[in-house]
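**Q** Please find one structure pasted underneath; my questions will follow.
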Amino acid sequence: MGIRERKKREKERRRQQIIVAAKRMFSKKGFNRTTMEDIASEAELSPGTLYLYFKNKEELYASLSLRILQYLLMRVEHVNDMESDDPEEKLSALSDAMYDIYQFDSMTIVNMFHLQSSETMKNLSTDLLKEIDSLFRRSMDIIAEIFAQGSRRGAFRDLDPGTLADIFWSCFSGVVLLATSKQTAHTDRDGLKTRLDEAFDIFRRGISTPAPA
């Protein structure tokens, strides 16, 4: 391994060390009460070292979303590449994928929902904003394509697939945020799964074409 490659790996290892420490501190103290000094102490690094990797706390907070957005993209790609062409099966698999994404990192997915509607986004670097937007848009485009496939096969109503993707995502985020506000998301995962299943079933019935009389 050359010196350049070794330095690159060390830089990425240090970056992940900071992200792991930040996640622990945000989970323990919340975003508002956590400082860069707290994160540096948790990572056993100097505050100055943190600023070599992240320009502010908001950027570090947002960087946590990248991992879950990458997982989201991987999961929806897997659903879209299923061997089955049955739209109902794909929609069922997509619904299951959403819960898997929540289970993958429940704290970060909830924080990401809040991030998308907060002033924090204004404090992020252009590159990070572009990366977050690109990952999210690619996932939403694939979800839209799943609905478009169902429409072409006559299983789903002829509605704008992009709008359906947005509504589907809104069902997911809305149920999770409501459960979180009631403090049930972390203590009653079975209950959350039931609520998501019910919401997605209502959505499915709403977009399905009527059965022949």
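The values are calculated or read from the model by the stated rules, or taken from the named source; none is laboratory data. Note that the structure is a prediction, hence the values are computed from the model and not measured. So basically every Cβ, Gly included, is an ideal-geometry build from the backbone, and we count neighbours across all protein chains shown.
**Q** Given the residues Ser139, Ser134, which is the only one that is at pLDDT 90 or above and under 11 Å from the mean Cα position of the chain (by Cα)? Show your work before the answer.
**A** Details: Ser134 fails: under 11 Å from the mean Cα position of the chain (by Cα).
Ser139 is the lone residue from the list that is at pLDDT 90 or above and under 11 Å from the mean Cα position of the chain (by Cα).
**Q** Still on this structure, I have one more. Against the condition in contact with an Asp or Glu (Cβ under 8 Å, 6 or more places away or on another chain), closer than 30 Å to Lys57 by Cβ and of a type in the set (Ser, Thr, Tyr), how does Ser125 come out, does it pass?
**A** Numbers: in contact with an Asp or Glu (Cβ under 8 Å, 6 or more places away or on another chain): yes; closer than 30 Å to Lys57 by Cβ: yes; of a type in the set (Ser, Thr, Tyr): yes.
Spelling it out, Ser125 is indeed in contact with an Asp or Glu (Cβ under 8 Å, 6 or more places away or on another chain), closer than 30 Å to Lys57 by Cβ and of a type in the set (Ser, Thr, Tyr).
**Q** Oh, and also: Within segment 45-153, which helices (runs of 4 or more DSSP H) (wholly inside it) include 2 or more residues that are assigned by TED's automatic domain parsing to the domain that holds Glu12 and surrounded by fewer than 19 Cβ atoms within 10 Å (Cβ to Cβ)? Break it down stepwise before answering.
**A** Details: elements: 47-53, 57-80, 87-104, 106-116, 126-152.
The helices (runs of 4 or more DSSP H) meeting that bar are 47-53.
**Q** I'd like the full set of residues that are surrounded by fewer than 20 Cβ atoms within 10 Å (Cβ to Cβ) and among the polar types (S, T, N, Q), limited to segment 18-44.
**A** Matches in segment 18-44: Ser27, Asn32, Thr35, Ser41.
**Q** On to the next question. Would you point out which residue out of Phe203, Phe172 is surrounded by 19 or more Cβ atoms within 10 Å (Cβ to Cβ) and either of a type in the set (S, T, N, Q) or modelled with pLDDT of 95 or more (or both)? Spell out the reasoning first.
**A** Numbers: Phe203 fails: surrounded by 19 or more Cβ atoms within 10 Å (Cβ to Cβ).
Result: Phe172 is the single residue among Phe203, Phe172 that is surrounded by 19 or more Cβ atoms within 10 Å (Cβ to Cβ) and either of a type in the set (S, T, N, Q) or modelled with pLDDT of 95 or more (or both).
**Q** It is to be established whether one or more residues within segment 42-65 are in contact (Cβ under 8 Å) with a residue 40 or more places away in the chain and within 30 Å of Asp201 (Cα to Cα).
**A** So far as segment 42-65 goes, yes, one or more of its residues are in contact (Cβ under 8 Å) with a residue 40 or more places away in the chain and within 30 Å of Asp201 (Cα to Cα).
**Q** Does Leu159 satisfy the criteria of being in a loop (DSSP other than H, G, I, E, B), in contact (Cβ under 8 Å) with a residue 12 or more places away in the chain and in the same structural domain as Asp96 (by TED's automatic domain parsing)? Full working, then the answer.
**A** Details: in a loop (DSSP other than H, G, I, E, B): yes; in contact (Cβ under 8 Å) with a residue 12 or more places away in the chain: yes; in the same structural domain as Asp96 (by TED's automatic domain parsing): yes.
For Leu159, the condition - in a loop (DSSP other than H, G, I, E, B), in contact (Cβ under 8 Å) with a residue 12 or more places away in the chain and in the same structural domain as Asp96 (by TED's automatic domain parsing) - is met.
**Q** Exactly one condition in (1) in a helix (DSSP H, G or I); (2) of a type outside the set (S, T, N, Q); (3) farther than 21 Å from Glu131 by Cβ is false for Phe26; which is it?
**A** (3)
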